[in-house]
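Reviewing the structure listed below.
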Amino acid sequence: MKRLIKNNYIPILFAFVAVCMELTAVYVTSGRLLIRRPWLYLSMLAILTLLQYFLRTNRARHICASILLSVFFVCDLVFIVIYEMTGTIFDFSMLKLRGDAMAILESVPINFTYTAISGILLSAFIVFGRTFASEDGNAAFSRFAKRVLTLCLALVLVLHLSLSYLTVAEANDNSDLAETKLYEPQEGGYADKGILGNLVSELYQGAFDEVDIGNTEEIEQFLYQSVTGEEIPMFGAAEGYNVVTVLAESFEWFSFLRDEARYPNGYHADEAVLRELYPNLYAFYDTSYVMTNFHSREKTDISENLSIIGNYPLDYYLNYDYSENNIAYSLPNVMRLLYGVESNSFHNGTNSFYNRDEYLPNAVGFSSFVASDEMEVQGMTNYFDLGERNLDSEMIETCKEQMFPTDRRFNTYITTITMHGQYAHRDNLQEYYNLLDAYGLLPLQEDDENANTFRYYAAAAMELDRAVGVMMDFLEETGLLDHTLIVIFGDHNVYYQSLSNYVKNIYPKSDPSADITELYRVPLMIKVGVQSEQVVIDKFTCTADILPTILSLLGIRYYDNLYYGNSAFSEKESLLYSRAYDVFFTDQIYFTSLDHIVWASPQADESYQAEMEQRAVTLMEKISYVNRIFAADLFRGDALTRFEENMRSINP
């Protein structure tokens, strides 16, 4: 027995080190030293361990095991970095974003705990793993033992393939999303399958994923069940108006407001000073409907889509996976169908980022998408070539006549970029740093990186303020303002460099009792024409509510089963489900599943939780149909004709 162990311990040691590394990786992403469903990972590890026994020498086994552990180490580290930068776990569709991710990458946070522990384990295995092993590892195996090993390998392979099949089947099953999303335990992070287990699972799903479309007549029957219209307050308040929607990248209230209770590490200057630094944002804030309880927890592309089309399928990236679909119910397509209005989109990033140049015109219905590449031809400086972010004010100054034409009704969508992280000194924002210094506000700190990050962010916000000023001045000068509906919102919080956590002093990992939903409270302001006073709406709203709000203000009746949200002016409140982060929440509760409530306020009693459960079930039903709509590319041929006829019939 002693000789047997001495000859063959390297694969077992390999498996032990691999498990320790994986558990460390899971711990640093989820805070749990446990994998809830480890079977896919363990079966994969068992296969790799058993295969090593078929190598004839321990030297070969050691080399093979060292290479595999090195690959595991790198994979885990990469996905930990992605998780710590974005808060999302890997899914197969992320592979389509790899070019976009590299285009904006400025720094890579390396997790010290994982790197130190797993690095020591890996190094120790490479250096000492073969110390006590004999040269010939295969000699101690009899023919019978080799047959047993072969049988074990075959059984583990069958088990692994069976688990993989069940994983793909589960992912493809849209029949009861409520059951899988609400009632099955969801730990969050990588505690469910582990990092490598999740990677294998996603690769199988990506290779064999296929949504079960089912009966398209049944889909249409569901879609046309319910119409929303005049019963909503403010319905038709902007009837016949132009529409301007501004998605302000990483826009937070603390970018220009002082509120020491909510933002203890934010501004401590007098409001009068802030009004001088941010005159245009304050002017808009003072004369608009202000949704003080608006939340977003998505990536930019998802927030963008939710505000334009009102929904988003699971497990896919619309801009890539469905770039040729016809999304007939998007705002551009609906406004063209009902009123012949032309819609155009503008973004001062590169035209191929998020595949917008193909997706927005082809699927969403914009007549054109103008990006920095074209703006540069028109005279805008392309700061991307200088390692900077383009200036929002320069984009609007360059394109304002295209954005806001005076000879026709228009629908214009603007996505900004200046406030996009990471945050560091930028030469093209120097005048704003000078202004901050002139007011003695947010000076550079030698020993406070967080304070400096806020300084750089505040300067970027001053540039957004100037952009809003350019827009509002042009609309007023051309007489367009009195019949234009303007929506400005933040696509997500400032998760770059954990700036939201710092300014709001909210760190859920170290303080589980902290109100995590406050992290994702961001601005939404809506100005209807020449509105002259502020109206505060404090009900819970989220990104999915933006499009229903715009439709109802325009006086457009719509089929509400197509959209996830409700008008901000409606009595109905939504439940935010984050496709990017796989969580549900309102301002009172935050949960990954009904048996894993991460945070709840004292007001979230049993009755409230029961109401949230019903909202979640309803939302999951809508999502299951939306998955099928996109997989079927439903709005083609007769189905498209029926949709257009139905929309015209409810909007005579």
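The values are calculated or read from the model by the stated rules, or taken from the named source; none is laboratory data. Quantities reported herein were computed from a predicted structural model and do not represent experimental measurements. Positions of Cβ are generated from backbone atoms using ideal geometry, with glycine treated the same way; all protein chains shown enter the neighbour counts. Calculation scope for accessible area: heavy atoms of the full protein, side chains included, ligands and nucleic acids excluded. Shrake-Rupley method; radii C 1.70, N 1.55, O 1.52, S 1.80 Å.
Tabulated data
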| quantity | calculated |
| --- | --- |
| Scope the range 348-365; condition open to solvent by 10 Å² or more (accessible area, probe 1.4 Å) and not in a helix (DSSP H, G or I); matching residues | Thr350, Asn351, Ser352 |
| Total residues in the range 366-382, condition open to solvent by 30 Å² or more (accessible area, probe 1.4 Å) and either of a type in the set (D, E, K, R) or under 14 Å from Leu247 (Cβ atoms) (or both) | 3 |
| Helices (runs of 4 or more DSSP H) wholly inside the range 126-226 containing at least 2 residues that are under 27 Å from Thr592 (Cβ atoms) and at pLDDT below 85 | 143-172, 195-208 |
| The range 457-483, subset assigned to a helix (DSSP H, G or I) and open to solvent by 40 Å² or more (accessible area, probe 1.4 Å), residue nearest to Leu436 (Cα to Cα) | Arg466 |
| Conditions (1) in a helix (DSSP H, G or I); (2) out of contact with any Lys or Arg (no Cβ under 9 Å at 6 or more places or on another chain); (3) modelled with pLDDT of 95 or more: number failed by Tyr433 | (2) |
| Condition check for Val536: more than 23 Å from Glu249 (Cβ to Cβ), open to solvent by 20 Å² or more (accessible area, probe 1.4 Å) and not in a strand (DSSP E or B) | no |
| Filtered residue count, the range 473-511, keeping only those that are out of contact with any Phe, Trp or Tyr (no Cβ under 7 Å at 6 or more places or on another chain), within 19 Å of Gln402 (Cα to Cα) and among the hydrophobic types (A, V, I, L, M, F, W, C) | 3 |
| Single condition Ala363 does not satisfy, out of (1) modelled with pLDDT of 95 or more; (2) over 22 Å from the mean Cα position of the chain (by Cα) | (2) |
| Residue count, the range 561-579 (criterion: open to solvent by less than 20 Å² (accessible area, probe 1.4 Å), in contact with a Lys or Arg (Cβ under 7 Å, 6 or more places away or on another chain) and part of a loop (DSSP other than H, G, I, E, B)) | 1 |
| Residue within the range 258-280 that is open to solvent by 10 Å² or more (accessible area, probe 1.4 Å) and under 30 Å from Asp407 (Cβ atoms) present | yes |
| Elements of type helices (runs of 4 or more DSSP H) contained in the range 293-339, each with 3 or more residues being open to solvent by less than 20 Å² (accessible area, probe 1.4 Å) and touching a residue at least 12 places away in the same chain (Cβ under 8 Å) | 300-308, 331-339 |
| Some residue of the range 18-36 being surrounded by 18 or more Cβ atoms within 10 Å (Cβ to Cβ) and in a loop (DSSP other than H, G, I, E, B) | yes |
| Conditions (1) out of contact with any helix residue (DSSP H, G or I) (no Cβ under 9 Å at 6 or more places or on another chain); (2) among the polar types (S, T, N, Q); (3) surrounded by fewer than 18 Cβ atoms within 10 Å (Cβ to Cβ); number of the one not met by Ser601 | (1) |
| Checklist (1) open to solvent by 10 Å² or more (accessible area, probe 1.4 Å); (2) touching a His at 6+ places or on another chain (Cβ under 7 Å) applied to Ala631, failing item | (2) |
| Single residue of the range 380-396 satisfying the filter (in contact (Cβ under 8 Å) with a residue 12 or more places away in the chain and more than 18 Å from Arg466 (Cα to Cα)) that is nearest to the chain's Cα centre (by Cα) | Phe384 |
| Residues (small (Gly, Ala, Ser), on the phi > 0 side of the Ramachandran plot and out of contact with any strand residue (DSSP E or B) (no Cβ under 9 Å at 6 or more places or on another chain)) located in the range 501-559 | Gly555 |
| Test result for Thr418, polar (S, T, N, Q), modelled with pLDDT of 95 or more and in a loop (DSSP other than H, G, I, E, B) | yes |
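Let's see how each residue does on (1) touching a residue at least 24 places away in the same chain (Cβ under 8 Å); (2) part of a helix (DSSP H, G or I); (3) in contact with a Gly (Cβ under 9 Å, 6 or more places away or on another chain):
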{"residue": "Leu485", "(1), (2), (3)": "yes, no, yes"}
{"residue": "Phe489", "(1), (2), (3)": "yes, no, no"}
{"residue": "Val503", "(1), (2), (3)": "yes, yes, yes"}
{"residue": "Pro508", "(1), (2), (3)": "yes, no, no"}
{"residue": "Ala514", "(1), (2), (3)": "yes, no, no"}
